[in-house]
Structure formats: C-alpha cells, structure tokens
Amino acid sequence: MRRIAVTASALLAVALAACSTGDPEAAASEGVAGGNGGTPANEGVAGGGGGGRSPAPTDQDVQELRVRVLERLPHDAEAFTQGLELRGDVLYEGTGLEGSSSVRRGPVGGAPTVRRELPAPLFGEGLTLVGPRLWQLTWQNGIAIERDADTLEELRRVRYEGEGWGLCLDRTDGGTGGRLVMSDGSSRLTFRDPETFEPTGHVDVTRAGAPVDQLNELECTPDGSVYANVYQTDTLVRIDPDTGAVAAGIDAAGLLEPAELGAGARELNGIAAVPGGDEFLLTGKYWPRMFRVEFVAR
C-alpha cells in the first residue's frame, strides 16, 4: 500500500515524482514508483462463483456512488495506514514504512490497547483476520506474518513471491475457510489458501474492458464483494472477485479539510466494513480522522 516520505513537506512533493522501481510508497528519496514490481505467483484464473453470489455485473451495470459521512472519529495522525479491519467493536490497523511499521488492536476512535512493531527492514502492509489468527503482509520483503489475533504475537512467517499491498478474507467461496484475496498494486487479485498462504488462482480486474490497476487496501464483505482503494486517488471500487468486473466506483473525495491535507495527510488508504450493516470506516495515511460512512448514489 504505497510507501512514501516521512516528512510532511516531502510527502506532497514525492506524490508527483516518479521512479522506475518498487512500490509507490518507498522512501521519499526514491520517489514514487510509476509501476509495480513482480506480481504474486498464481496457479490459474479463478473458476466459478462461490455460493450465493449475485450475477456478475457488466460494464453497463457499474454504479456511480459517493460517500455520505455519518460520524467523524479521531485517528492517529502519525499512522502510515496500510490495512484496516473491524471485528465487533475492535479495530485492527497495520502501518507501514521501514523502521516504523506496526500492527495495532484497540477500540474504534481510541488509542490501541495492543501494539507490535515490525523490525527493519520489514515494511508493513495490509492485514486480515482468519478466525483466531491475523495475517499481515509486507511490501517488498516477500513475507506474510501470521499472528495471534488477541495478543498480536507473531506465530510464524511464510514466504511469497512479488509485492504485498492489500489483503482480505472472502468467506463466500465455499467451504468453511474461504479464500484470501491479495493485491500487489497491479490490476490482479491473487487468491490464497487461508491456512497455508499458498496461491490458488487469480483474477484480473477490469472496467469497460480496461485494467484497473494500483489496487491497494482491500475489504471483503459478506455479500461476496471486494472493495479496493485505488492508490493515489480518492476512488474506491467494488469488485466481483469471480470475474474481476468492477460493479461500482465510489468517489470519496473531500473527506478531509484543506488544512488537514496541507498539514501532511496523504492519500486515502484504509477501508473496513462495519459488521451487520452497509457502513464502512475510511481513513488514510497520516490522517487525523477516521470516518464512518455509507455509500450512496451520486
């Protein structure tokens, strides 16, 4: 989930720079990547849909939505947010940057009650919960960390190929364990076994026949949809993971005040579904606020 500068003044300049290597969230001294490194290994395109899914959307069916703010909540303005997930009233958040990456657990809108740091050179990325465990990605380190969901203590590390950006658990893909859905900053979503982390397939995301790349932080919802932040934009997309078709585009511009953006807040990056409804939590890198929102017609 895009890596960048560590100073407020450098951050805005870096967002306009371009370099030819790595993920856009590398250090400011290296600029923002224009492309992506190797994509995760895969074993073929995903097959038929999981149980209970709606018919796959066509390009003509794509909804245009916007956010309606329901509540404004505090957020750590020093958190380089890379992953967000809500279980009940407990919020899990992963942050990035080499030497300051972390994973946190605590109440929504409050200070974390549990926090674990990632040692350098690990660069934290997206995360998701699988029962009593939590998986956390790293950007270019090729390491997924499995943790205890309560204590956040590290249980094991698993290697993978390519970059890690976003991660969520699709529980509608038959069976009891579901499948992990992982992004790498390209237009491809890779499916992985939630126990072994081995790749099981992939799908390429398109809208109007064109690839939708820079897919970043992910959120899987009970209806079988995958929501994705599109890196360096104020746009989210809702994806049918069986076909890769974009079912909705969501405009999330204007959540922060200009003064907050000028103070060093970076791009939108962080989406978590609120259980039991159609609401979501949204935040971003170095954002001083988190927003409880719903998506409505434009």
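Just to check I understand the Karplus step: with θ = phi - 60° and J = 6.51 cos²θ - 1.76 cosθ + 1.60, what whole-Hz values come out for segment 218-226, glycine and proline as x?
Karplus-based 3J(HN,Hα) across segment 218-226 equals 10, 9, 8, 10, x, 7, x, 7, 10 Hz.
Grab the Cα-Cα distance for Val130 and Asp89, subtract it from 0.36 nm times how many residues apart they are, and report the gain in nm with one decimal.
Taking 0.36 nm per residue and subtracting the Cα distance, the gain is 13.1 nm.
Would you please state the base-10 log of I(q)/I(0) at q = 0.18 1/Å for segment 114-215, with intensities from the Debye formula using one equal scatterer on every alpha carbon?
Here log10 of I(q) over I(0) equals -0.84.
State the Kirkwood hydrodynamic radius of segment 147-272 in Å, one decimal place, computed from all pairs of distinct Cα atoms.
That comes to 15.6 Å for segment 147-272.
Between segment 231-283 and segment 102-141, how many Å separate their Cα centres?
What the calculation gives is 19 Å, centre to centre.
Go through 103-112, 133-142 and give me the packing order, highest mean Cβ count within 10 Å leading.
Averaged packing, sorted descending, gives the order 133-142, 103-112.
Which value, in nm² and rounded to one decimal, describes the direction-averaged projected area of the C-alpha convex hull of segment 96-140?
3.5
Determine by what factor the alpha-carbon radius of gyration of segment 222-298 differs from 2.2 N^0.38 Å, reporting the quotient.
Cα-based Rg divided by the globular estimate yields 1.14.
If I model a spin label at Asp150 and Asp278 as a point 7 Å from the Cα along the Cα→Cβ vector, what separation in nanometres do I get?
So the two model labels end up 3.6 nm from each other.
At 0.36 nm per residue, and after removing the present C-alpha to C-alpha distance, how many nm does the segment from Leu70 to Ala111 gain when stretched out fully?
12.7 nm
Laboratory data are not the source of any read-out in this text; all were calculated from the coordinates shown. Keep in mind the model is a prediction, meaning the values are calculated, not measured. All Cβ positions, even for glycine, are placed from backbone atoms using ideal geometry, and neighbour counts span all protein chains on display.
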